[in-house]
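Inspection log for the structure reproduced underneath, given as structure tokens.
The values are calculated or read from the model by the stated rules, or taken from the named source; none is laboratory data. Because the structure is predicted, anything quoted here is derived from the model rather than measured. Cβ atoms come from the backbone with ideal geometry, glycine included; neighbour counts cover every protein chain shown. Protein only, heavy atoms only, side chains kept; ligands, DNA and RNA dropped before computing areas. Shrake-Rupley method; radii C 1.70, N 1.55, O 1.52, S 1.80 Å.
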Amino acid sequence: MKYYDKLIFELSKEGRQGFSLPENTWSQSLDALPEKLKRTQRPALPEVSELDVVRHYTNLSNMNFGVDTGFYPLGSCTMKYNPKINDEIAALPGFQGIHPLQPVETVQGVLQIYDELDRALSAITGMAKFTLNPFAGAHGELTGLMIMRQYHLQRGDSKRTKVIVPDSAHGTNPASAAVCGLEVVEVKSTPQGTIDVEDLRPLLDDTIAGIMMTNPNTLGLFETEILEIAKLVHDCGGLLYYDGANMNPLVGVARPGDMGFDILHLNLHKTFSTPHGGGGPGAGPVGVAAHLIEYLPNPKVVRQEDGHYTIEGNDTAAGRISGFMGNFGVLMRAYAYILRLGRQHVKKVGPLATLNANYIKEELKDCFKLPIDTCCKHEFVFDGLKDQSTGITTLDVAKRLLDYGFHAPTIYFPLLFHQAIMIEPTETESKETLDGFIAVMRRIAQEALENPEKLRGAPHHTPVRRLDETTAAKQPVLTFADLAAS
Ligand SMILES: *Cc1c(COP(=O)(O)O)cnc(C)c1O
């Protein structure tokens, strides 16, 4: 059976109706419509009952996996549960209905929220000021690097065209540097998974604009040499950029600003309450230390002495990164999330995320290969099964997890290990859920030895079986009609 056989798409029956509309009070305006714009025939829409529509969409939604339906331990993405009330607050008509070109006097409350979120994020990260304009993490990286370049250029230091990026970095780091016109220089990791300071030293000279770091890094490991690294980079005249996508375990515990970072971005759609994934809207606010405030991109929200807000720009800014003032709905969720946690409870996020990750790691490390056996932060990386004698790969394990109702972790990233499985449970999961996941992972490890064919054919119970991802990307079938014809 093909997966779409379970779903009937052609449900329309002539004359069937699933809606009722209020009485038309617009007849006058309809009369005013030019004749040529009026319909002469009814539109060809499906005619279905309400119940058919409800079942159709509910069945479709059940074919998908989401954080509302099950555990989602996707590393580096922080797919945690984000309270629904933050969505509701962001959707209040006064927030949702505003327009970016409205007169500034009519959006004073929204600008106040922009300003207060800037100050909350500054307090959490130890930075002096933020721009909330960038739309994503990678967009924040580009913004931050433009600020870095602008800083050097304004000082007449035009030789600094290189950025150091660790070999464990997320792919967006070197990509953003290249987009910004900077040359990427790689620094190696030690066998313990953190930056090799001895490899870094000889790279530092007067052509270095700065270094991009993720801390904890993409292996979930805290860069313990960070103070030494900050000193070395600053001594050579460079700046430190912090990729804040992994900020989750540090919230309320440690601040990048205190570690010596000059510029950073946060992924509000990872750490601060907008669900990540599915290509939905995000936000990548960029924070800077005091000496870089003037280079933050335009436009800026400025609080005047009498308490009212204006939108301004300045000449030394690193240009403009977005048309207006960012993705307000995403900013609003972060604001609601931070206020509801408050100073006191925000401290619990990091330690709980760290505890959950270490718990899973310790419970599974006798079945899965743990290349770096040390205390991790919010996520950790296995290098496939411990016993790989039956040829079972990380892909097979990931596919089999779907049969047991768990989303797969991130696989084959970071690139440092061939069979990488990167697990991030987040702070929002219960011990029962973690135990359920651990039991299933152990069972899969056993199946790999006793019944490897079963794993190679997995998943067996999902609406879609194992996909040919290359063909799916190269010859996508995008409509039901195409699918039925194929
Ligand atoms: C997700 C992520 C990014 C990129 O963020 P986007 O919002 O997806 O552009 C950068 N660095 C790290 C470490 C990440 O996990």
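Miscellaneous remarks
- The residues in segment 150-163 that are surrounded by 22 or more Cβ atoms within 10 Å (Cβ to Cβ) and either in a helix (DSSP H, G or I) or more than 16 Å from the ligand (Cβ to nearest atom) (or both) can be counted, and the count is 2.
- Residue identified as exposed (fewer than 10 other Cβ atoms within 10 Å of the Cβ) and either of a type outside the set (Asp, Glu) or in contact (Cβ under 8 Å) with a residue 24 or more places away in the chain (or both) among Leu92, Leu21: Leu21
- Among the residues of segment 277-299, those identified as buried (at least 24 other Cβ atoms within 10 Å of the Cβ) and within 16 Å of the ligand (Cβ to nearest atom) are Ala283, Gly284, Pro285, Val286, Gly287.
- For Gly137: the one exception among (1) over 27 Å from Gly252 (Cα atoms); (2) open to solvent by less than 10 Å² (accessible area, probe 1.4 Å); (3) within 20 Å of the chain's Cα centre (by Cα); (4) not basic (Lys, Arg): (1)
- Positions within segment 239-254 being of a type outside the set (A, V, I, L, M, F, W, C) and buried (at least 18 other Cβ atoms within 10 Å of the Cβ), in sequence order: Tyr241, Tyr242, Asp243, Gly244, Asn246, Asn248, Pro249
- Filtered by the rule that a residue be touching a residue at least 40 places away in the same chain (Cβ under 8 Å), outside any loop (DSSP other than H, G, I, E, B), more than 16 Å from Lys159 (Cβ to Cβ) and open to solvent by less than 10 Å² (accessible area, probe 1.4 Å), segment 172-212 gives Asn173, Ile211, Met212.
- Segments classed as helices (runs of 4 or more DSSP H), wholly inside segment 424-486, with at least 2 members that are under 25 Å from the mean Cα position of the chain (by Cα): 431-450, 469-474
- Residue check for Glu453: within 16 Å of Thr393 (Cβ to Cβ) and modelled with pLDDT under 95: no
- Near pairs, Cβ below 8 angstrom, 6+ apart or cross-chain, from segment 213-227 (closer than 16 Å to Ile263 by Cβ and assigned by TED's automatic domain parsing to the domain that holds Asp167) to any residue that is of a type in the set (Phe, Trp, Tyr) and not in a helix (DSSP H, G or I): Met213/Tyr241; Met213/Tyr242; Met213/Phe261; Thr214/Tyr242; Asn215/Phe222; Asn215/Tyr242
- The single residue among Gly405, Gly457, Gly436 that is more than 26 Å from Asp68 (Cα to Cα) and either open to solvent by less than 60 Å² (accessible area, probe 1.4 Å) or touching a Ser or Thr at 6+ places or on another chain (Cβ under 8 Å) (or both) turns out to be Gly457.
- Out of Val187, Val163, Val107, sole residue that is aliphatic (A, V, I, L, M) and more than 23 Å from Asn217 (Cα to Cα): Val107
- Flag set for Thr390, criterion: more than 23 Å from Gln192 (Cβ to Cβ) and outside any helix (DSSP H, G or I).
- Identity of the residue in segment 251-276, within 13 Å of the ligand (Cβ to nearest atom) and in a strand (DSSP E or B), that ends up farthest from Tyr72 (Cα to Cα): Leu264
- Criterion (in contact with a Gly (Cβ under 9 Å, 6 or more places away or on another chain), surrounded by 13 or more Cβ atoms within 10 Å (Cβ to Cβ) and closer than 24 Å to Met63 by Cα) met by exactly one of Arg466, Arg400: Arg466
- Residue in segment 231-238 that is open to solvent by less than 10 Å² (accessible area, probe 1.4 Å) and more than 13 Å from the ligand (Cβ to nearest atom) present: yes
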